[in-house]
1. Which percent, to the nearest 5, of DSSP beta bridges fully inside the protein assembly as shown are antiparallel?
2. Which angle from 0 to 90°, rounded to the nearest 10, does the C-alpha axis of helix A:52-63 make with the longest principal axis of chain A?
3. Just from its helices, what would the mean residue ellipticity at 222 nm be for chain B, if runs of 4 or more DSSP H residues each count -39500 (n - 2.57) and the sum is divided by every residue, rounded to the nearest 500 deg cm²/dmol?
4. Ignoring ligands, DNA and RNA and using a 1.4 Å probe, state the total buried accessible area between A and B in Å², rounded to the nearest 100.
5. Would you mind counting up the charge near B:GLY273? Only other residues with Cβ under 11 Å from its Cβ, with Lys and Arg at +1 and Asp and Glu at -1.
6. Step through the residues of the stretch B:155-162 one at a time and calculate ³J(HN,Hα) from phi using the Karplus curve (6.51 cos²θ - 1.76 cosθ + 1.60, θ = phi - 60°), rounding each to whole Hz and writing x for Gly and Pro.
7. Expressed in nm to one decimal, what extension gain is obtained for the pair B:SER262 and B:THR346 from 0.36 nm per residue of sequence separation less their Cα-Cα distance?
8. Have a look at B:CYS110, A:ILE107, B:THR12 and report the one farthest towards the positive end of the charge dipole of the protein assembly as shown, computed about the Cα centre with Cβ charges (Lys/Arg +1, Asp/Glu -1).
Amino acid sequence: MQPFEKPDPAHNPQLREPCAIAKLGRPFAFTPTEEERIDWLFTRYPTRHAACLPILWLIQKRLGWVPAEAIPAVAEKCGVPESQIYAVVSFYTMFNRAPVGQYHLQICTNLSCQLMGAEHMLDCLRRKLDIDLGQTTADGLFTLSEVECLAACEMAPMIQVNEDFVGPLDEKGLDALLSRLRSEAR
Amino acid sequence: MEVKLLTARFGTPESWSIASYEKSGGYQALRKALRMDPDAVTEEVKKSGLRGRGGAGFPTGMKWSFVPKESKLPKYLCVNADESEPGTFKDRYLLELDPHAIVEGIVITCFAVGIHHAYIYIRGEFGLPYRRIQSAVEEAYSKGYLGKAILGTGFDLEVTIHRGAGAYICGEETGLIESLEGKKGQPRIKPPFPAVVGVFGGPTVVNNVETIAAVPWILGHGADAYRKHGTEKSPGTKLFSVSGPVVRPGVYEIPLGLPLRSLVNDLCGGIRGGKRMKANIPGGSSVPVLTAEEALAVNLDYESLAAAGTMLGSGGMIVIDEDTCMVWALMIIEKFYAHESCGQCTPCREGTGWLKQLVARLENGGGSPGDMEKILSITRNMIGTTICVLSDAAAMPAASFVTKFRSEFDSHVGAGRCPIRRATVGV
Ligand SMILES: Cc1cc2nc3c(=O)[nH]c(=O)nc-3n(C[C@H](O)[C@H](O)[C@H](O)COP(=O)(O)O)c2cc1C
Ligand code: SF4
Ligand code: FES
C-alpha cells in the first residue's frame with residue numbers, strides 16, 4: 001500500500017499558502033479612464049464593496065495580472081480592509097497573482113475533455129513549449145495552466161487561449177495554433 | 001424528436017442581434033405581459049409547470065411567489081450564468097445565440113415580481129457569451145426595452161452584468177450572492193432563503209439562464225401550449241448538453257420524457273467507432289452515474305430519472321464508452337470537487353480531499369482492500385451535513401461509481417498500476 005501523498009496545498013483550500021502576490025516594483029495608480037469607469041460602477045451597486053470584482057478586472061485587463069501594490073488602492077475604493085481584497089484575489093482562480101505570458105494557454109482537464117484525450121494534448125503542449133504547468137516560456141509568449149470544465153465540452157479536448165475557446169484539438173491542430181499565435185505575437 | 005422552442009433561432013443569421021430577434025417575434029411576449037396583472041404573469045408560469053433548469057428543479061412560479069410583495073429593501077433578480085457544472089454548456093449557447101430571449105425573460109420576470117434591478121452573474125471565463133449578452137443589453141436599453149418607463153408603461157428596470165472570476169461554488173445561489181457583494185463566494189446557511197434575504201439584504205430571485213429564457217415563450221404562447229410538450233409531471237422542453245465520445249456532441253432541446261437511448265443513439269449518432277456505452281452521467285458530474293443498462297432503459301424527465309436513482313440536474317450528459325476505466329473517471333471527478341470546495345464545512349473540505357486521494361491511490365494501483373468501504377463510509381458522512389450541497393455533489397458520484405462498478409475498483413487493488421488504462425493523469 002502506498003502512503004498518501006503529502007497534503008497538496010493547491011487542492012486543499014485550508015492549506016493554501018498565505019496569499020502570495022508578486023510586486024510590480026513601482027507605485028500603482030488608476031488611469032483617468034479607469035477612475036471614470038469605477039465611478040460608473042459605483043452607480044450600479046448599492047454598496048462600494050460590490051465593485052471589488054469589476055475593479056480587479058479593470059486592473060487585470062490593463063496589466064495582465066493583479067500586483068500587490070494595487071491591493072490598497074482597491075481596498076480604498078471599496079471602503080473595506082485590505083485583507084478583504086487579498087481574500088478575494090486569492091479565492092478566485094482567474095486573478096493572476098504574477099505576470100503571465102502574452103498567451104495564456106489554459107487546457108481543460110475535466111472529464112469530458114479527458115475522455116477525448118486532454119491528457120495527451122497536455123503532454124504535447126509540455127513537449128512543444130518545453131514548460132510544465134504553471135510556467136511561462138523564456139520568450140514570455142506562453143503560460144501553460146490547467147483549468148476545470150469551461151462549459152465547452154462539445155469541443156473536447158479544448159483549450160482556452162486568452163479569451164477564446166479552441167477545440168476539438170489534435171496534435172496537428174495544436175501545431176497550427178501555436179504557429180499562428182507565434183506569427184501574430186506582438 | 002427535437003422540439004425547438006428555446007433553440008428555434010439558433011440557426012438564423014445574426015440570431016443574437018435585436019433586428020433578427022424582433023423579426024422573429026421577439027419582445028412581443030413582453031408587450032403582452034406588460035398589459036397583464038403582474039400576479040397573472042406569475043400564475044401563467046406556475047401553470048406551465050416550468051421548473052428551474054440550473055440543477056435543483058424547483059418550480060419557478062412558486063419560487064417567484066415566495067418573494068414578499070412589500071419590502072423595505074429593494075428586491076433583486078440574479079440570473080445565474082455561472083455555468084460551471086462539468087458536462088454542462090447549454091447556457092453558453094443561449095448567451096451566444098439568443099441573448100435577447102434572456103433579456104426579454106428578465107424584464108418579464110422582474111415585472112411579475114416587482115423588481116427594478118437585475119444582475120446577470122456570468123462566469124469570468126466566458127468571452128464571446130459575455131460580449132453577446134453585453135451588446136444585447138445595450139441594444140435593449142437603446143430600444144426602450146430596459147431603463148425608465150419601459151415601452152411607455154410605468155415600469156423601470158436596470159440590468160447590470162457582473163463577471164465572476166473562476167470559482168464553481170459561485171454557481172450555488174448563495175455563493176453567487178456573496179460573490180456579487182464583492183466577497184469570496186462562500187455559501188450562506190439557509191434559511192433565510194434568498195427569496196426573503198438575498199443580495200444586499202433584499203429579497204432575491206435566483207434563476208438559471210435557461211429558466212429565464214423559457215419565460216418569453218411561455219408568456220407568448222401560453223402555459224397550455226408549453227404543457228403540450230413533455231410529460232404530465234415534467235412539462236415542456238429541456239436543453240441537454242451531450243459530451244464524451246458520441247458521434248455528434250452538442251446541445252439538443254428535447255421534450256422531457258424522451259428516452260435516453262433516442263438522445264444518445266439517434267440525435268447524437270451513438271458512440272464513436274461503433275463502441276458500446278459503459279456508463280452515463282445524465283445531469284452533470286454531480287449526479288449518480290447510470291450503468292449502460294440502466295441508461296438505455298430510462299426516460300429523460302425528473303420523475304423517471306429519480307426513480308432510476310439519479311437526477312436530471314443541469315442536463316449535462318456525459319457519455320462514457322466501454323474503453324474507459326471507471327476508477328480513472330471518478331478520480332477526475334473527485335479532483336474537481338476537492339479543488340472547488342470552499343472550505344467552510346469540515347465534511348466537505350476534508351471529505352473531498354480524502355475521496356480524491358483514496359481514488360487516486362486506487363487508480364495508481366496502490367490501494368488496499370478496505371478502500372472501497374472507506375470511500376462509502378466517507379460519502380455517508382458528507383451527505384446532508386453541510387451548508388451547501390457541493391459536499392453531496394462530490395459524494396453521490398463516488399458512492400454510485402463504487403457501488404455500480406465495484407469489480408473495476410477491486411481489480412485495481414494490489415495491481416501496481418491501473419489494469420484497465422495504461423497511462424494515468426497526475427493529480
Ligand atoms: C455547487 C453548486 C453549483 C451550482 N452551479 C450552478 C450553475 O453553474 N448554474 C446554475 O444555474 N445553477 C447552479 N447551481 C444551482 C443554484 O444553486 C440554483 O439552484 C439555481 O441557480 C436556481 O435557478 P433555477 O431555479 O432557475 O434552476 C449550483 C448549485 C450548487 C450546489
Ligand atoms: S458544502 Fe463545501 S462548498 Fe458548500 S459551503 Fe460547505 S465547504 Fe463550502
Ligand atoms: S470538460 Fe472540458 S470543457 Fe467541459
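The values are calculated or read from the model by the stated rules, or taken from the named source; none is laboratory data. Note that this is a predicted model, so its numbers are computed, not measured. Positions of Cβ are backbone-derived with ideal geometry, glycine not excepted, and every protein chain shown enters the neighbour counts. Keep in mind that these areas ignore ligands, DNA and RNA; they rest on the heavy atoms of the full protein, side chains included. Shrake-Rupley method; radii C 1.70, N 1.55, O 1.52, S 1.80 Å.
1. 50
2. Roughly 60 degrees between the two axes.
3. After summing the helix terms and dividing by the residues of chain B, the value is -12000 deg cm²/dmol.
4. Heavy-atom accessible area buried at this interface is about 5200 Å².
5. My count for the surroundings of B:GLY273 gives 0.
6. The phi angles translate into 8, 10, 8, 9, 10, 10, 9, 10 Hz.
7. Full extension of this stretch gives 26.0 nm more.
8. Farthest towards the positive end: B:CYS110.
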